[in-house]
């Protein structure tokens, strides 16, 4: 898959296009992408995804607190796995939002992407103030010679999934439910930074993870079973998201403890997959009580891991 971080280029071949933010690249999105790739192969066209970054709500609603399921790099990697030929990332700006529906279709879909077939969800709106819909797109198709295929509400709802539902599940800490909607494990990608080193004192050394993207959704505070890959080795462990109340912490941290692992990993980048939530974060009377709880958490984690290996 070729990633084009600008709309200012021309495709070499005509294309089948789908459009959207694709936050989560969840099962509903995957259904659309599968259709795009299938039709592109059948008609000898290029399979193209047109996506936007930043998220339109971040630009149009300055006070929005929307958090995204994927960082933009995570979205790239997920889309790469779906057989798409080109991922075109259009920067979403105030100026772009003011394009009329006709300007958007003519200047971008037709002139830039050489669109011959558009596959779109039933609720797609576009153009200035999002006033144009699927019927307008079909009308433009007759003018500019492209076909429009609508993915119906019934077809999408057979997987009963949306980015909003996934965000709600993660806000509640229900990563298992979120994963069932996504079709893969929710992930956080970050760099290991130095922490206070308290984990070593209770035999549970942790690595603190720094997430660079402020817009990235962080699941509800608590403890989780996790999975990651390091030097092609699959590792499992536990992660705590919270403020470490037992030692009077005040700022949120994201700490992971990897089982049977002792490498020095400062400044290294990790992608962490969430498997299941263990419990809420709580304040213990002593570090020894915390240590005993972590032993129980590890036992419970290993039991969960045994069921998925």
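FRET efficiency for residue 202 and residue 128, Cβ-Cβ distance as r, R0 = 41 Å, nearest 0.05?
Result of the calculation: an efficiency of 0.10.
Please list 42-55, 251-264 highest first by mean number of surrounding beta-carbon atoms within 10 Å per residue.
Ranking the peptides 42-55, 251-264 by packing returns 42-55, 251-264.
Quick one: 230, 266, fewest Cβ neighbours within 10 Å first, how do they rank?
Listed from fewest to most nearby Cβ atoms, that is 266, 230.
For region 186-308, taking Cα atoms only, what is the radius of gyration to one decimal and the Dmax to the nearest whole Å?
13.5, 40
What whole-number value in cubic angstrom gives the convex hull volume per residue for the C-alpha atoms of region 70-209?
172
What is the pair-distance distribution P(r) of region 2-161, computed from all Cα-Cα distances in 5 Å bins starting at 0, with each bin given as a whole percent?
Final binned percentages: 2, 9, 18, 23, 23, 17, 7, 1, 0.
For the chain, what is the relative contact order in percent, using Cα pairs closer than 8 Å and at least 6 residues apart in sequence?
17
Scattering from the C-alpha atoms of the chain alone, worked out with Debye: what is log10 I(q)/I(0) at q = 0.08, 0.10, 0.12 1/Å?
So the normalised log intensities are -0.43, -0.64, -0.85.
Measure off 7 Å from each Cα along the Cα-to-Cβ vector at residue 260 and residue 247, then give the distance between these two points in nanometres to one decimal.
With each label point 7 Å from Cα toward Cβ, the separation is 2.7 nm.
For helix 287-308, what angle does its Cα long axis make with the longest principal axis of the chain, in degrees from 0 to 90 and rounded to 10?
50
What do you get for the angle between helix 27-43 and the principal long axis of the chain? Use alpha-carbon atoms, 0 to 90 degrees, nearest ten.
That works out to roughly 40 degrees.
In what sequence do 82, 285, 102 fall when counting other Cβ within 10 Å, fewest first?
Ordered from fewest to most neighbouring Cβ atoms within 10 Å, 82, 285, 102 come out as 285, 102, 82.
In nanometres, what is the gap between the two model label sites at residue 138 and residue 171, each 7 Å from Cα along Cα-to-Cβ?
About 3.5 nm separates the two model spin labels.
Fewest to most neighbouring Cβ within 10 Å: what's the order for 225, 234?
234, 225
The numbers here are math on the coordinates, done by the rules we state, and not lab data. Quick caveat, the model's predicted, so the values are computed rather than measured. With ideal geometry, Cβ positions are generated from the backbone for all residues, glycine too; neighbour counts draw on all protein chains shown.
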